[in-house]
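S.K.: Let me begin by handing over the structure; questions about it come next.
The values are calculated or read from the model by the stated rules, or taken from the named source; none is laboratory data. Owing to the predicted nature of the structure, the values given are computational and were not obtained by experimental measurement. Here the Cβ is made from the backbone with ideal geometry for all residues, glycine too, and neighbour counts use every protein chain on show. Surface areas here come from the heavy atoms of the whole protein model, side chains and all, with no ligands, DNA or RNA. Shrake-Rupley method; radii C 1.70, N 1.55, O 1.52, S 1.80 Å.
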Amino acid sequence: MQRIPFLDLPPLASAGGSVALPGSKSISNRVLLLAALSQGTTAVRSLLDSDDTRVMLDALRELGCGVEERGDGLVRITGLGGAQPRSPARLFLGNAGTAMRPLTAALALLGGEYELSGIARMHERPIGDLVDALRQLGCHIDYLGNDGYPPLRIAHGGGRPVLQLDAPIRVRGDVSSQFLTALLMALPLVAQQQDLVIEVVGELISKPYIHITLELLARFGIAVQREGWQRFTIPAGSRYRSPGEIHVEADASSASYFVALGAIAPSSNGKNGLNIEGVGLDSIQGDIRFIEAARAMGAQITGGANSLQVRRGSWPLKAISLDCNHIPDAAMTLAVMALYAQGTTELSNIASWRVKETDRIAAMATELRKLGATVEEGADYVRITPPASSADWRAASIHTYDDHRMAMCFALAAFNPARLPVRIEDPGCVAKTYPGYFGALFSVSQAAGTDIPVICIDGPTASGKGTLAAAVASQLGYHLLDSGALYRLTALAAGGAGVAIEPANEPRLAELAAHLPVRFDGARVFLHGQDVTDAIRQEAIGMQASEVSRLPAVRQALVALQHGFRRLPGLVADGRDMGTVIFPAAPLKVYLTASARCRAERRHKQLISKGISTIIDDLRADLEARDASDMQRSTAPLKPARDALLLDSSGLTVDQTVARVLDWWQARRPFSA
Ligand code: DC
């Protein structure tokens with residue numbers, strides 16, 4: 001999503017249907033490497049498509065692995081088996097620590113000549129402890145920049161290095177758990193003759209990630225034995241075996257928002273709760289235990305290996321008191337669920353919240369209070385009591401502190417019983433783990449149609465409505481309806497069907513309009529699957545559209561199509577009768593004008609930029625004729641709605657016009673500044 005200043009969520013009423021979550025990043029890159037080290041082909045399903053997985057795939061290709069990408073999230077990796085990777089090779093690994101660390105370890109053990117580098121930030125991320133551990137074994141690794149950091153060179157011209165594998169391999173565990181992960185994934189390559197032991201020096205951090213590594217190793221045939229989190233043994237004779245097919249789990253923390261949604265929202269008509277695809281009850285990710293907490297609050301959750309089904313159970317939710325040390329990220333979602341619980345919810349042992357993307361305890365307390373909750377915060381806990389009654393809820397603008405999880409969990413406040421909208425500031429921050437989050441949320445949530453805001457922008461030809469409407473829609477993250485395009489499409493379709501645009505053909509033209517085979521894809525418009533974006537903008541089609549729009553049956557036939565554009569989170573609609581006929585109850589109506597002279601000049605410039613030469617006076621005459629026709633027709637004539645705000649853009653730039661409309665809109669929103 002484009003970085004917009006805020007996204008207003010209308011009050012949401014229900015949820016239902018199915019949502020497919022994106023794959024987990026840490027699982028994706030581990031699976032790719034393990035498949036590359038195995039014998040045979042592994043079909044990897046639901047791989048996350050992100051910068052970090054892209055660099056890994058490129059590196060594997062470079063090293064001689066077979067990589068076949070099928071557009072639908074399925075990637076086939078044919079591994080090296082016992083073979084040497086292709087060498088010499090230069091690998092660019094962007095900012096992917098999950099590629100740099102394990103590849104360094106695997107390549108150093110396998111031998112060959114390689115250079116591994118990344119973006120500037122990658123060259124500031126430590127790797128010295130891993131390199132030290134590998135050097136202990138006899139691997140030859142040089143730093144090409146600063147000691148202790150990438151870029152690196154691995155140099156073993158003559159095949160595999162001679163390794164000393166008798167003594168336990170010691171690695172620090174308190175800087176990054178990725179060093180241990182890297183060794184755990186690389187050492188099975190050389191564990192033919194003897195057991196290999198890894199000893200962790202210092203307290204191991206991020207244990208759930210090591211758990212993921214061990215689980216994935218097991219799926220590729222490596223049974224690591226573990227004594228606490230201090231000592232790991234890779235048994236002699238270990239050999240990577242492809243599982244044939246493997247599914248990348250969706251991110252369990254991302255799933256928590258949809259589990260909560262299912263627990264909070266009444267089920268939409270005809271839907272039996274919410275189905276979450278991509279992660280299931282036997283997930284290997286630590287945050288899956290969020291489900292136990294959600295159940296304790298009242299959610300009804302069932303699931304299989306790869307999906308979860310959630311329905312509202314107890315209502316209101318039950319307040320809980322929970323030590324959240326095992327689910328620090330997903331616990332934020334519980335804090336927002338607490339808004340819908342009876343009584344006070346206490347989330348404790350969350351000191352780590354204070355040192356995450358932001359001080360999450362302080363942030364959570366501040367923003368929950370804005371909504372009307374009573375919050376007590378301590379060094380390592382929060383206690384949340386929801387607003388006492390529906391009247392105590394407030395329409396709040398939620399600050400998100402560049403923290404993707406703040407943005408995602410506070411969206412759930414839109415189910416408040418007071419039916420107040422919720423503003424999420426900087427909604428684009430969700431891109432860190434889930435760029436499509438709001439789209440996914442809207443795809444399974446329903447609002448009362450009348451709660452979805454529509455901003456109408458009507459006015460005569462060439463007043464700049466289209467430009468204004470598109471800019472306002474993109475600033476607000478709303479959908480856009482260019483209603484003129486529908487009349488233009490009808491005219492084009494009539495031409496294609498050989499139906500002359502004249503009153504005698506009104507029924508046939510209406511029939512065409514009612515069943516336009518149209519598809520909108522961003523700014524492009526398709527008719528019968530053909531891109532007609534430019535075709536419908538021709539002047540001749542504009543004149544025909546004006547003719548066709550005079551026919552009442554055609555106008556009527558297009559009503560349902562236009563109403564269908566009113567979707568979450570909101571709509572900006574431009575045309576002639578948006579405010580008067582199609583959306584008469586819209587909360588903001590703008591009637592945009594400009595002098596005929598000014599409009600003719602703008603159109604003239606626009607046409608010249610397309611290489612079409614015209615005479616201004618002719619254009620002005622055409623515009624005035626079209627205005628007269630649009631204003632004088634008997635059905636839905638062009639005129640300002642009674643409650644429209646008039647905006648003459650003659651002396652204004654586009655930016656000034658957009659700013660004026662956004663100001664008007666802000667003034668009508670319930671959020672205090
Ligand atoms: O805005 P435009 O130039 O794309 O519109 C093409 C024609 O369609 C215009 O002459 C009037 C007609 N129209 C209409 O009657 N009602 C609308 N809501 C939009 C356009």
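S.K.: Apply the Karplus parameterisation 6.51 cos²θ - 1.76 cosθ + 1.60, with θ equal to phi minus 60°, to every residue of the range 515-529 and state each ³J(HN,Hα) to the nearest whole Hz, in sequence, with x for glycine and proline.
M.R.: Here the 3J(HN,Hα) series is 10, 4, x, 10, 9, 9, 9, x, 8, 9, 10, 10, 10, 6, x Hz.
S.K.: About its Cα centre, what dipole magnitude does the range 522-673 give when the only charges are +1 on Lys and Arg Cβ and -1 on Asp and Glu Cβ, stated in debye to the nearest 20? Intermediate values should be presented prior to the final figure.
M.R.: On the way: 22 positive and 17 negative charges, 91 e Å.
Once rounded to the nearest 20, the dipole reads 440 debye.
S.K.: Can you list residues whose amide H is under 5 Å from A250's amide H, if they're 5+ apart or on another chain and H is modeled 1.01 Å from N?
M.R.: Under 5 Å from the amide H of A250: S24, V279.
S.K.: Where a ≥ b ≥ c are the square roots of the eigenvalues of the C-alpha gyration tensor, would you call the range 115-159 rounded, which needs a/c under 1.5, or, failing that, prolate if a/b is larger than b/c, or oblate? Please list the in-between numbers first.
M.R.: Details: a/c = 2.88, a/b = 1.52, b/c = 1.90.
The shape class here is oblate.
S.K.: So, one more: Applying a 10 Å radius around every beta-carbon, put 335-347, 622-634 in order of their mean neighbour count, most first. Intermediate results must be reported in sequence, preceding the final value.
M.R.: Numbers: 335-347: 22.2, 622-634: 15.2.
Packing order, densest peptide first, comes out as 335-347, 622-634.
S.K.: So if I place +1 on the C-beta of Lys and Arg and -1 on the C-beta of Asp and Glu, and nothing else carries charge, what would the dipole magnitude of the chain be about its Cα centre? I want it in debye, nearest 20.
M.R.: Its charge dipole is roughly 820 debye.
S.K.: What's the carbon and sulfur percent of the chain's accessible surface, probe 1.4 angstrom, rounded to a whole number?
M.R.: Using a 1.4 Å probe with all protein chains present, the chain comes out at 50 percent carbon and sulfur.
S.K.: My understanding is that a pair violates if its Cα-Cα distance is over 19 Å; which of K589/K639; K318/K356; K271/K318; K356/K432; K25/K207; K207/K356 do that in this structure?
M.R.: Among K589/K639; K318/K356; K271/K318; K356/K432; K25/K207; K207/K356, the Cα-Cα distance tops 19 Å for K318/K356; K271/K318.
S.K.: For a quick check: with amide H placed at 1.01 Å from N, whose amide H comes under 5 Å from S18's, ignoring anything fewer than 5 positions away on the same chain?
M.R.: When sequence neighbours closer than 5 places are left aside, the close amide H contacts are N275.
S.K.: Extending each Cα 7 Å along its Cβ direction at W315 and E227, get the distance between those two points in nm, one decimal.
M.R.: 5.5 nm
S.K.: For a quick size check, give me the Cα extents of the range 1-145 along its three principal axes, largest first, whole Å.
M.R.: Principal-axis extents of the range 1-145 (Cα, largest first): 63, 36, 22 Å.
S.K.: Distances over 17 Å make up what percent of all Cα-Cα pairs in the range 121-223?
M.R.: Result: 56 percent of Cα pairs exceed 17 Å.
S.K.: With the Cα gyration tensor of the chain in hand, convert its eigenvalues to equivalent ellipsoid semi-axes via √(5λ) and list them largest first in whole Å.
M.R.: Working through the eigenvalues yields semi-axes of 55, 32, 22 Å.
S.K.: So for the range 557-618, what percent of the C-alpha to C-alpha distances run longer than 20 Å?
M.R.: Of all Cα-Cα distances in the range 557-618, 49 percent exceed 20 Å.
S.K.: Over the range 358-474, calculate the relative contact order: mean separation of alpha carbon pairs under 8 Å at least 6 apart, over the residue count, as a percent.
M.R.: Taking the mean separation of contacting Cα pairs over the length of the range 358-474, I get 17 percent.
S.K.: Using a 1.4 Å probe, what is the accessible area per residue for the chain, in Å²?
M.R.: I get 40 Å² per residue for the chain.
S.K.: Which residues' amide hydrogens lie under 5 Å from the amide hydrogen of S321, considering only partners 5 or more residues apart or on another chain, with H built in the peptide plane?
M.R.: E346
S.K.: Please give the peptides 221-234, 459-472 ranked by average Cβ packing (other Cβ atoms within 10 Å per residue), highest first, as a rough proxy for protection.
M.R.: 459-472, 221-234
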